[in-house]
Amino acid sequence: MTHTRIAIDGPAAAGKSTIAKRVAAKLGYLYIDTGAMYRAVTLYTLENGEEIIDEIEDHIHITFGVNNEVYLNDQDVSEAIRSQEVTKNVSYIASLEKVRTYLVDMQRKISEASNVVMDGRDVGTTVLPNAEVKIFMKADPEVRAKRRLLEEQARGNNYTLEELTKDIVRRDHIDSTREISPLVQAHDAILLDTSHLSIEEVEDKIIRLVMKHLEGDL
């Protein structure tokens with residue numbers, strides 16, 4: 001049976017996860033948040049030391065719940081992986097070859113079993129290079145920082161807009177210049193600038209693209 005794989009890539013706080021969840025729910029597809037997987041590994045290394053990465057397959061098992069909860073070794077870490085400390089360190093941990101190899105293999109295996117919407121930094125280029133629909137979402141750093149500020153305030157975290165803008169620019173640099181699977185738009189991905197679009201408008205554009213694919217027009 002052939003499955004449809006939708007790859008949504010882009011920089012930090014471009015709105016990938018929010019949109020991917022909505023698209024997956026509307027289509028009845030499985031949503032895979034690859035960023036959450038890297039955050040889970042980051043959380044584990046912060047708590048247990050980076051040396052465990054050499055034997056990552058023996059220490060870390062990640063699964064998702066029916067409501068997109070993230071489980072690390074059967075413990076719900078959905079909130080813990082959004083901490084300020086994890087956010088500061090995730091780009092570095094995600095750049096490590098051993099981590100990427102382990103998680104990319106896991107992500108590919110998940111995608112083989114069902115229709116998926118997967119978002120991240122390298123889904124369309126590395127994880128699912130043959131995905132049927134590829135989207136590259138971007139937005140101005142200041143716009144992304146404002147979005148992230150609202151998210152962090154809702155979680156009770158104290159950030160300033162200036163801090164978040166600097167952090168986003170820093171993460172963009174790390175993600176786009178790392179040696180292994182850098183953040184880059186796949187040659188066959190459709191660019192979608194969300195700077196001045198609502199969540200509903202972005203969702204609608206992607207749903208339309210998926211429908212075109214399913215009808216054989218994309």
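Every number in this text was worked out from the coordinates using simple rules, so none of it is lab data. A quick note: this is a predicted structure, and the numbers were derived from the prediction, not measured. Note that each Cβ is placed from the backbone with ideal geometry, even for glycine, and that neighbours are counted across all protein chains shown.
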Electrostatic dipole magnitude of region 5-210 [Cβ: Lys, Arg +1; Asp, Glu -1; Cα centre; debye, to 20]: 700
Separation between Cα centres of region 68-115 and region 138-190, rounded to whole Å: 17
Computed helical MRE - 222 nm, the chain, DSSP H runs ≥ 4 contributing -39500 (n - 2.57), nearest 500: -15000 deg cm²/dmol
Phi-based couplings in Hz for region 167-174 (Karplus 6.51, -1.76, 1.60; Gly and Pro marked x): 5, 5, 4, 5, 5, 4, 5, 4
Under-5 Å amide H pairs with Ser195, H placed in peptide plane, nonlocal only: Asp140
Distance between modelled label sites at Asp140 and Thr160, nm, 7 Å Cα→Cβ extension: 2.1
Whole-Hz couplings from phi, Karplus 6.51/-1.76/1.60, listed for region 130-142; x for Gly and Pro: 9, 4, 5, 10, 10, 10, 10, 8, 9, 7, 4, x, 5
Label assignment, mean projected area of the Cα convex hull in nm² derived from the structure, set (i) 12.6; (ii) 13.8; (iii) 11.7: (iii)
